[in-house]
Amino acid sequence: MKIAVTSTGGSLDALVSEKFGRCQYFLIVDSDTMKFEAVSNLGEQMQNNAGPKAAELIINKGAEVLLSGHVGDKAENTLRKAGIKIVNGFTGNEKVKDALNNYLKTKEN
Amino acid sequence: MTISVASGKGGTGKTTVAASLASVIPQSVYIDCDVEEPNGHLMLQPKFTLEESVNKLLPEIDYNKCDFCGKCIEVCEFNALINLKFEILLFAEMCHSCGACEYFCPQNAITEIPKELGKLRSGITENGIKFYDGLLNIGEATAVPLIRKVKAKIDNEKINIIDSPPGTSCSMVETVKNSDFCLLVTESTPFGLNDLKLAIDVVKNINVPFGVVINKYDETFEEMENYLTENQIEVMLRIPFDRKIAEAYSNGILPVNNSDKIRREFIGLIATIKKKIKSNVTQMTQKKQIFAD
């Protein structure tokens, strides 16, 4: 399963970004192999509608789950249309890999 | 002849000044371009005679033709379209009706459909002032297309007073540009001064001659006086910070209808502006002639 995580850097050791539409990177991680693709977010500089544009990117990358801090209304509606599960509330203090492991653990239980 | 009234900071008295000017000019035309919050009608009390819809064009997608190639998304400067690969989502409030998506769609799957953006109201006051204002629908991101429609009511045979939205962004620029003169209304406060400087930058950039009106005038606010003296900016009118003016205003009475002194000052103000516009026109013609020679 592909999981998208908003990140402040291009590796699994980077901290999670609390921002969605204006985060620096999206990490698209395959949860079975932990292999990932880092995509820099053009939305960081966009004047408007960065959230839905970010949602579009994640949808087109084939992610099924999104881990982030906070997702705005317009982005949320866009993601829901495509059936993507949103897991909110991650803080900028944890690493991407820890956030992933935590999510996968809670999912197992 | 078109005189716009702008401010930078909100709440300095644009509408008070604009409506007062319109009231002292026989057969004037009052145009309220503050379409997000028009309030000129509260002071001038026109009888509305007509209300028209103003539309903007939005793309509609024919899914029998669309193959989700994404060209429309690529050409949209405003991120108004999102490609879900099974649906093209439109964020209508972001759309600027530029038509690029329709023009570039390889499948001809896009048609532009009109959608109401706001209303344009026309009316006339008891004293014969022709009154126009725009009323933007809630949630619309840009007021510019509606402002253009309202400004189309300018009557070049008459004196037009345009009430501008506050601020110095697109809607203020659209309102003030091509005016013969712009009155910048400020107040004797640090906020008033800060935003006056921004507004002066704008009108200089778009080459509109301007003058300053200080409302709620307080001579002890020295920063304002220093700035105006240093930059040789003329103050065309000072309206005192006076409880009587505020009380009358709260009852919908303009200062020009409450005080003979202020009325005379506004009549003087309009005469000065007319002179300035005439001398500008003469200068421009002279320049043109020199250029032609």
If you take the residues in region B:245-278 that are among the β-branched types (Val, Ile, Thr) and more than 12 Å from B:Ser20 (Cα to Cα), which one is surrounded by the fewest Cβ atoms within 10 Å (Cβ to Cβ)? B:Thr272
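Residues being away from chain A (no Cβ under 14 Å), under 29 Å from A:Asn60 (Cβ atoms) and assigned to a helix (DSSP H, G or I): count how many of those fall in region B:44-74.
The initial filter retains those residues of region B:44-74 that are away from chain A (no Cβ under 14 Å), namely B:44-67, B:71.
From what is left, the residues that are under 29 Å from A:Asn60 (Cβ atoms) are B:56-67, B:71.
Those still in the list that are assigned to a helix (DSSP H, G or I) too: B:71.
Residues that pass the stated criteria total 1.
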Residue hits (region B:39-72; of a type in the set (A, V, I, L, M), within 19 Å of the chain's Cα centre (by Cα) and more than 24 Å from B:His96 (Cα to Cα)) are B:Leu42, B:Met43, B:Leu44
Looking at region B:75-86 only, could you name the residues that are more than 8 Å from chain A (Cβ to nearest Cβ), surrounded by 18 or more Cβ atoms within 10 Å (Cβ to Cβ) and assigned to a loop (DSSP other than H, G, I, E, B)? B:Cys76
Given the criterion in contact with a strand residue (DSSP E or B) (Cβ under 9 Å, 6 or more places away or on another chain), under 15 Å from A:Val5 (Cα atoms) and within 14 Å of another protein chain (Cβ to nearest Cβ), identify the matching residue among A:Glu37, A:Glu94, A:Glu56, A:Glu64. A:Glu56
Given the conditions (1) within 11 Å of chain A (Cβ to nearest Cβ); (2) touching a residue at least 12 places away in the same chain (Cβ under 8 Å), every one holds for B:Leu89 apart from (2)
Among the residues of region B:142-157, which ones are free of Cβ contacts under 8 Å to residues at least 40 places away in the same chain and in a helix (DSSP H, G or I)? B:Val144, B:Arg148
How many residues of region B:124-134 are surrounded by fewer than 19 Cβ atoms within 10 Å (Cβ to Cβ) and either within 20 Å of B:Thr175 (Cα to Cα) or among the acidic types (Asp, Glu) (or both)? The answer is 1
Any chance B:Ile31 is touching a strand residue (DSSP E or B) at 6+ places or on another chain (Cβ under 8 Å) and farther than 30 Å from A:Gly21 by Cα: yes
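In region A:35-94, which strands (runs of 3 or more DSSP E) lie fully inside it and hold 2 or more residues that are without any contact (Cβ under 8 Å) to a residue 60 or more places away in the chain?
Details: elements: A:36-40, A:65-67, A:85-87.
Because the criterion is at least 2 residues that are without any contact (Cβ under 8 Å) to a residue 60 or more places away in the chain, the strands (runs of 3 or more DSSP E) in region A:35-94 that meet it are A:36-40, A:85-87.
Quick note: the coordinates plus some simple rules give every number you see, no bench work behind them. Values in this document were obtained by computation on a predicted structure and should not be read as measured data. Please note: Cβ atoms are built from the backbone with ideal geometry, for glycine as well, and neighbour counts cover all protein chains shown.
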